[in-house]
Amino acid sequence: MLQVNVVTIFPQFFEGPLGLSIPARAAAAGGVRYRVVDLREFTHDRHRTVDDYPYGGGPGMVMKPGPFFEAVEALGATSPIVLLSPRGRVFSQADAVRFAAGSEVTFLCGHYKDVDQRVAEHLATEELSLGDFVLSGGEPAALAMIDATVRLLPGAMSDLDSARTDSFWERGLSAPSYTRPPEYRGHVVPDVLLSGDHKRIARWREEEGARLTRLRDGDEPSGD
């Protein structure tokens, strides 16, 4: 079983999503257990303060190191301990596969202007990001990474082969998908997909996936 820990000042952010769809199915199947921890439970003042002014001045507030260290210690968490940060390496399908193959993963959700750098350097084992943009906090990023991970666990999906044909599963993008009807408002499904020739279909999917990957990476002109 995979133990997923989340440290956050907004535990209610996760209540709905983790109780729905594939994250809930993975838990019901016994593949994952979630533990969402309120960071404010590890403060020591009556205001439950988790942030303070930055040394050196400047705008915004910085999250204090102490509550994060104490929360992780209380969890007894082991590596990987992930700090969600715009400074981090971009999360990938390979990370989801790695987490799903492990026994535990912990996500540290920042908020406000920043998190004290000592959390990144001396507590987290890695920093991950969803991309080159800034969110209000680490919660949406953590939820996305959890979803990408737990859908790979046994029992999470009724058809695991569906996951294996997703984009980024040991390759680039997947080919486009179509379903009924074969024609809609003058837009038709590619003939090859209606041919019943499974070898041709497999070849078309491989070629289309490769083409779209090259297009996304800027290695092929778009034709616009």
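Inter-part distance, the stretch 9-58 to the stretch 172-219, computed on C-alpha centroids, equals 41 Å. Using a Gaussian network model on the chain with a 10 Å cutoff between Cα atoms, which of Gly66, Gly56, Gly209 fluctuates the most? The residue with the greatest mean-square fluctuation here is Gly56. A Förster distance of 25 Å, applied to the separation of the beta-carbon atoms of Gln93 and Leu215, puts the FRET efficiency at 0.85. At the listed q of 0.11 Å⁻¹, the Debye profile of the chain, built from one uniform point per Cα, gives log10 I(q)/I(0) equal to -0.67.
Taking only protein heavy atoms and a 1.4 Å probe, what accessible area per residue, in Å², does the chain have with all protein chains in place?
Numbers: 13100 Å² over 224 residues.
Value for the chain: 58 Å² per residue.
In the complete set of protein chains, residue-level accessible area for Glu183 is approximately 90 Å², probe 1.4 angstrom. Solvent exposure of Met61, expressed as accessible area, is near 50 Å², computed with a probe of 1.4 Å over the protein chains only.
Axis of helix 65-75 versus longest Cα principal axis of the chain: the two differ by about 70°, to the nearest ten degrees. Against the chain, whose longest principal axis comes from its Cα atoms, helix 198-216 is set at around 50 degrees.
Averaging 1/r over every pair of different alpha carbons in the stretch 72-151 and inverting the result gives a Kirkwood radius of 12.7 Å.
Summing +1 for each Lys or Arg and -1 for each Asp or Glu, what net charge is found among the other residues whose Cβ lies under 12 Å from the Cβ of Pro80? Here the count lands on -3. Helix 139-150 and the longest principal axis of the Cα set of the chain meet at an angle near 50°.
Taking only protein heavy atoms and a 1.4 Å probe, the accessible area of the chain is 52% carbon and sulfur.
The values are calculated or read from the model by the stated rules, or taken from the named source; none is laboratory data. Bear in mind the structure is a predicted one, so any value in this text is a computation, not a measurement. Cβ: placed from backbone, ideal geometry, glycine included. Neighbour counts: every protein chain shown. The accessibility values were calculated without ligands, DNA or RNA, using every heavy atom of the protein model including side chains. Shrake-Rupley method; radii C 1.70, N 1.55, O 1.52, S 1.80 Å.
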